[in-house]
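The values are calculated or read from the model by the stated rules, or taken from the named source; none is laboratory data. Keep in mind that what you see is a predicted model, and the values were worked out from it rather than measured. Because the Cβ atoms are built from the backbone with ideal geometry, glycine has one as well, and the counts that use them run over all protein chains shown.
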Amino acid sequence: MDALALKQKQLPFEIRRELEASPDFEDLLLLRDLDEAGRVPGVQVGTVDEALDFLRELERSNNG
């Protein structure tokens, strides 16, 4: 939610500074953008189990 508040310029300075200092800052912003882009009413999506299987396979392929 902080990433959304940051994009809307509604985040207090102290929290914004902490968020920007995070080593995962860019990933958090990307996740926020992808979350927003994925909110399309009526679109069919996979199940949670399918998503987890995909992520596990991705991890296996990245680890060799």
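Results, tabulated for the structure shown:
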{"quantity": "Total residues in segment 9-45, condition among the basic types (Lys, Arg), part of a loop (DSSP other than H, G, I, E, B) and at pLDDT 85 or above", "calculated": "1"}
{"quantity": "Residue satisfying all of: in segment 12-64; exposed (fewer than 11 other Cβ atoms within 10 Å of the Cβ) and of a type in the set (Lys, Arg); farthest from ASP2 (Cα to Cα) among these", "calculated": "ARG60"}
